[in-house]
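Participant: Have a look at this one.
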Amino acid sequence: MSQDQQPIVLFHPHIPEGGISALSRTLQTRWIGQGPQVEEFERRFSERFCRGAPAVAVSSGTSALHLAYLLAGIAEGDEVITPVFTCTATNIPLLYERAVPVFADIQPDTLNIDPASVRALITERTRAIVCVHYGGFPCDMQELHAIARERGIPVIEDAAHALGATYGGEPVGSLSEYTVFSFQAVKHLTTGDGGMLACGARQAQLAKRLRWFGIDREAKLGSRWENDIREIGYKYQMTDIAASLGLAGLNGWEDCLALRKRLLVEYHEGLRGIPGLQLVGSVADSRREHAAWTCTVLVDGRADLQRKLREAGIESDPVHFRNDKYSVFERYRGQAPNMDAVESRYLVLPLHTRMSGDDVRRVCNVVRAGW
Ligand SMILES: *Cc1c(COP(=O)(O)O)cnc(C)c1O
């Protein structure tokens, strides 16, 4: 790495303007746990991303997924069709309920779940379809909804990568029975750790009880609670500390998303036509808008390219791995020829709000020089 060049890291948390003062204000109030900031964050999030449908704030994307699975009635022995390629957070909560993850293959050009594979895996025991918008590029929702409708089962979207994505002009967060978001450190919008579950009104009432031991908090605060717990709940609520950072993030949100999208376009222009390299999720489709969480490429000689990048002070990483390679999922391994074909080839390049277009061009130049 030459002297004048700063390292380019793979991810960096986005701490919004006003975030630190918002945190400081919250820390001086009576409520630092779940309180008014959580409600305000849910309200504003719902307006922006869920077309006003309920949004329930929780402690992580993983806990939001767990709640979605519970609300969808997924129980022991139920089959759930889910992508083989995703963060383990998508699939581990299925094991909490002793459900059976049925791993669907991915599409080679988007790394999203392949509807044809989903259709082939449907059985009488299929209880739900889970999809992940890999890197922020929306899945084939029309096709997935058609399969789910035929079977009368819900679609659960893991939209941890896809805050700000749209499909058919509608925001991801307003399309399916359940949509889950993550506010983990390096996601678009962060609360340190946190998550959101967008769902129907009746489910949201239940979700609010389940995130807090099974207690109806509104009734309790209104002295209307009969001091009984009928459902086994969790300790999954969001705190006001986290929500105040989330609210600050919503203020500058549009600029943050626009920057990420510009950087991704810059990558796609800079990396097009390089022999041995393909862009992931660069499919021309007017139905969908990319949320630009990652820039992922498929390359021959991944380890060599990573070495070249490292020598130039640039981080890169595969980030996620096929879930059926982990011991806890091994018994659910099935056929996934597309996954097999890209397994050793996909690579995530740096994309975050500390980067400029010049940084992207620097990465592209290193890649273009060959590896
Ligand atoms: C980040 C992430 C999650 C949720 O993770 P948490 O760290 O629990 O918020 C879920 N699915 C995917 C695909 C993710 O990338």
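The values are calculated or read from the model by the stated rules, or taken from the named source; none is laboratory data. Here the structure is a predicted model, which is why all the values come from computation and not from measurement. Virtual Cβ from ideal backbone geometry, glycine too; neighbours counted across all protein chains shown. Surface accessibility is based on the protein's heavy atoms, side chains included, excluding ligands, DNA and RNA. Shrake-Rupley method; radii C 1.70, N 1.55, O 1.52, S 1.80 Å.
Participant: Could you check LEU67 against (1) buried (at least 24 other Cβ atoms within 10 Å of the Cβ); (2) at pLDDT below 95 and say which number it fails?
Facilitator: The single condition LEU67 does not satisfy is (2).
Participant: Residues to consider are THR190, THR179; find the one that is among the β-branched types (Val, Ile, Thr), closer than 23 Å to ARG322 by Cα and within 20 Å of the chain's Cα centre (by Cα). Give the derivation first.
Facilitator: Numbers: THR190 fails: closer than 23 Å to ARG322 by Cα.
None of the other options fit; the residue is THR179.
Participant: Does the range 76-109 hold any residues that are in a loop (DSSP other than H, G, I, E, B) and either within 9 Å of the ligand (Cβ to nearest atom) or touching a residue at least 40 places away in the same chain (Cβ under 8 Å) (or both), and which are they? Lay out the reasoning, then the answer.
Facilitator: Initially, the range 76-109 is screened for residues in a loop (DSSP other than H, G, I, E, B), giving 76-78, 84, 87, 97-99, 105, 107-109.
GLY77, ASP78, VAL84, CYS87, ASP105, GLN107, PRO108, ASP109, listed by residue number.
Participant: Between ILE274, ILE241, which is at pLDDT 95 or above and outside the structural domain of VAL38 (by TED's automatic domain parsing)? It would help to see each step written out before you state the result.
Facilitator: Numbers: ILE241 fails: outside the structural domain of VAL38 (by TED's automatic domain parsing).
From the options ILE274, ILE241, the qualifying one is ILE274.
Participant: Only residues that are open to solvent by less than 50 Å² (accessible area, probe 1.4 Å) and polar (S, T, N, Q): list them for the range 1-53, please.
Facilitator: THR26, GLN34, SER46
Participant: State the number of residues belonging to the range 114-138 that are in a loop (DSSP other than H, G, I, E, B), in contact with a Cys (Cβ under 8 Å, 6 or more places away or on another chain) and over 18 Å from LEU197 (Cβ atoms). Step through it out loud before you land on a result.
Facilitator: Pass one, the range 114-138, residues in a loop (DSSP other than H, G, I, E, B): 114, 122-125, 133, 137-138.
The next check asks that each one be in contact with a Cys (Cβ under 8 Å, 6 or more places away or on another chain); those that pass are 133.
From the residues that got through so far, the ones that are over 18 Å from LEU197 (Cβ atoms) too are none.
Here the count works out to 0.
Participant: Tally up the residues in the range 277-307 that are part of a helix (DSSP H, G or I) and open to solvent by 80 Å² or more (accessible area, probe 1.4 Å), please.
Facilitator: Just the residues of the range 277-307 that are part of a helix (DSSP H, G or I), to begin with: 302-307.
The next check asks that each one be open to solvent by 80 Å² or more (accessible area, probe 1.4 Å); those that pass are 307.
Summing the residues that are part of a helix (DSSP H, G or I) and open to solvent by 80 Å² or more (accessible area, probe 1.4 Å) in the range 277-307 gives 1.
Participant: Okay, moving on. Which members of the range 111-167 meet the condition of being away from the ligand (no atom under 13 Å from the Cβ) and acidic (Asp, Glu)?
Facilitator: Passing the criteria: ASP114, GLU124, ASP140, GLU143, GLU150.
Participant: While we're looking at this one, here's another question. What number goes with the only condition from (1) in contact with a Cys (Cβ under 8 Å, 6 or more places away or on another chain); (2) surrounded by fewer than 19 Cβ atoms within 10 Å (Cβ to Cβ); (3) among the hydrophobic types (A, V, I, L, M, F, W, C) that VAL348 does not pass?
Facilitator: (2)
Participant: Find the residue count for the range 5-39, including only residues that are under 24 Å from the mean Cα position of the chain (by Cα) and either in a loop (DSSP other than H, G, I, E, B) or among the hydrophobic types (A, V, I, L, M, F, W, C) (or both). Before the answer, list the steps.
Facilitator: Step one: of the range 5-39, the residues under 24 Å from the mean Cα position of the chain (by Cα) are 8-17, 19, 34, 37-39.
Going one step further and asking which of them are either in a loop (DSSP other than H, G, I, E, B) or among the hydrophobic types (A, V, I, L, M, F, W, C) (or both), we end up with 8-17, 34, 38.
The total comes to 12.
Participant: Condition first: small (Gly, Ala, Ser), part of a helix (DSSP H, G or I) and near the ligand (Cβ under 8 Å from one of its atoms). Now tell me which residues in the range 58-75 satisfy that. Steps first, please.
Facilitator: Step one: list which residues in the range 58-75 are small (Gly, Ala, Ser), which gives 59-61, 63-64, 68, 72-73, 75.
Filter once more, so that each one left must be part of a helix (DSSP H, G or I): 61, 63-64, 68.
Across the range 58-75, the qualifying residues are GLY61, SER63, ALA64.
Conditions tested, residue by residue: (1) more than 25 Å from TYR167 (Cβ to Cβ); (2) of a type in the set (Asp, Glu); (3) within 16 Å of the ligand (Cβ to nearest atom).
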| residue | (1), (2), (3) |
| --- | --- |
| HIS290 | no, no, yes |
| VAL319 | no, no, yes |
| TYR326 | yes, no, yes |
| ALA341 | yes, no, no |
| GLY370 | yes, no, no |
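Participant: Applying the selection to the range 109-144, what residues are buried (at least 24 other Cβ atoms within 10 Å of the Cβ) and of a type in the set (Val, Ile, Thr)?
Facilitator: Listed by number, the residues that qualify are ILE113, VAL118, ILE129, VAL130, VAL132.
Participant: Tell me which helices (runs of 4 or more DSSP H) are completely within the range 157-257 and hold 1 or more residues being surrounded by fewer than 18 Cβ atoms within 10 Å (Cβ to Cβ) and touching a Pro at 6+ places or on another chain (Cβ under 8 Å), or say none if there are none. Step through it out loud before you land on a result.
Facilitator: Values: elements: 201-210, 217-221, 240-251.
Filter on the range 157-257 gives 201-210, 240-251.
Participant: Another one. Only one of (1) of a type outside the set (Gly, Ala, Ser); (2) within 16 Å of the ligand (Cβ to nearest atom); (3) out of contact with any Gly (no Cβ under 6 Å at 6 or more places or on another chain) is not met by GLN205, so which one is it?
Facilitator: Condition (2) is where GLN205 drops out.
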